[in-house]
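One structure below.
The values are calculated or read from the model by the stated rules, or taken from the named source; none is laboratory data. Keep in mind it's a predicted model, so treat the numbers as computed, not measured. Glycine also receives a Cβ, built like all others from the backbone with ideal geometry; neighbour counts cover every protein chain displayed. Heads up: the accessible areas ignore ligands, DNA and RNA and are worked out on the full protein's heavy atoms, side chains in. Shrake-Rupley method; radii C 1.70, N 1.55, O 1.52, S 1.80 Å.
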Amino acid sequence: MAVELVREPHQDVAPLGSLRIGMVAPPWFGLPPRGYGGIESVVSDLVNQLTLLGHEVTLVGSGANLTSAHRFVQVFQTPPTASLGDPLPEVINAAASAAAFADFPVDVVHDHTTAGPLLARGRSTPTVITAHGPVTGFHADYYRRLGGTVGLVAISDAQRRASDQLEWLGTVHNAVDVSSFPFRADNDGYVLWLGRFSNEKGPQLAIDAARAAGSPIVLAGKLNEPAEQEFFAREITPRLRAGVEYVGEADARAKRELLSGARALVFPIQWEEPFGMVMVEAMACGTPVVAMRRGSVPEVVLDGVTGLVVDTYDELVEAIDAVSGIDPADCRSRAEEYFDLPVMARGYERMYRAVVAGGQAVRELAAHRAGG
């Protein structure tokens, strides 16, 4: 484990009003990741925003660190991406974080891993964790057993409703750097599907609906794992023809070009997805979203203003045609107001201050979130 000091050495007392934050990223990708790695992207952006707010951040992660963290604890020089799914890298990551915060004390730990929160019971420093994925089944059982040892933050109110028996601290929506997405009031006439190739994401429905609506469609997505390749061969390859184009996995630059040029993003999810970052990315470009009413969709897309939220396949087909009436400027404005990085950072800042203050502050925050 190597420790890279990239700012001033740690002080025993944080400046008035600022917090010493220990941020624990998953070990699987660099910070930020070059391509796939949604949690690592969120962590990197959050770190940068928190330092802008004047907080001191010690970041635990792997690979290259291109964030503005004051201190970086590198667990693996090369992220163990090929071992994704093996529990040991996460356990090692947790052990590294425990050692790091023993050497460099913090006021609050924000852990984005699966194994790391198990350490919360054994330390006096409060721990905040974000539920980045499902909160049902085994996941719900895990979070329930952690109980009051952590402050559990949801990424959408829909996610909280899926397990409303859990002790939620609050909700903080994920965010993007809206300014990094090019805004276009015009488009190139195609609709876009962007995501991971699986039945849950519904790319085959996007193709069928676009063809039924008489619209060309472009697909870009992750196609690395055997299950994704099998799904693609079974559901997508037979549908590839004129007007249906697959362009591979899009990096950050290609994603922005595709989103800004699209007439609409088609998001026909088939599960209760807790948050769909690509919807926010599309709106940041001024591109409206046509989506099924599942998971966080109604929270993110303002129906009739930044896109169209539908319940059936037939409505999906109709919406692909009708979405042309959405004003791109309204899409951009909503992304800036609700899903920009400073909004997310201020949300987490409130969570940190609540758990540091403890007791009554946490109860008041939870009551506020439940009522609003």
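Could you list, in sequence order, all residues of the range 223-237 that are touching a helix residue (DSSP H, G or I) at 6+ places or on another chain (Cβ under 8 Å) and assigned to a helix (DSSP H, G or I)?
Within the range 223-237, Phe231, Glu235, Ile236 meet the criteria.
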| request: Return yes when Tyr338 is closer than 21 Å to Gly221 by Cβ, touching a residue at least 40 places away in the same chain (Cβ under 8 Å) and open to solvent by 20 Å² or more (accessible area, probe 1.4 Å) and no when it is not. | output: no
| field | strands (runs of 3 or more DSSP E) contained in the range 124-222 and holding at least 3 residues in contact (Cβ under 8 Å) with a residue 12 or more places away in the chain and open to solvent by less than 10 Å² (accessible area, probe 1.4 Å) | value | 127-131, 151-154, 191-196, 217-222
| query | Can you tell me which residue in the range 34-88 is nearest to Gly116 (Cα to Cα), limited to those that are among the polar types (S, T, N, Q) and assigned to a loop (DSSP other than H, G, I, E, B)? | reply | Ser62
| task | State whether one or more residues within the range 274-284 are modelled with pLDDT under 95 and acidic (Asp, Glu). | result | no
| field | Residue satisfying condition, being hydroxyl-bearing (Ser, Thr, Tyr), crowded, with 22+ Cβ neighbours inside 10 Å and at pLDDT 95 or above, within set Thr113, Thr78 | value | Thr113
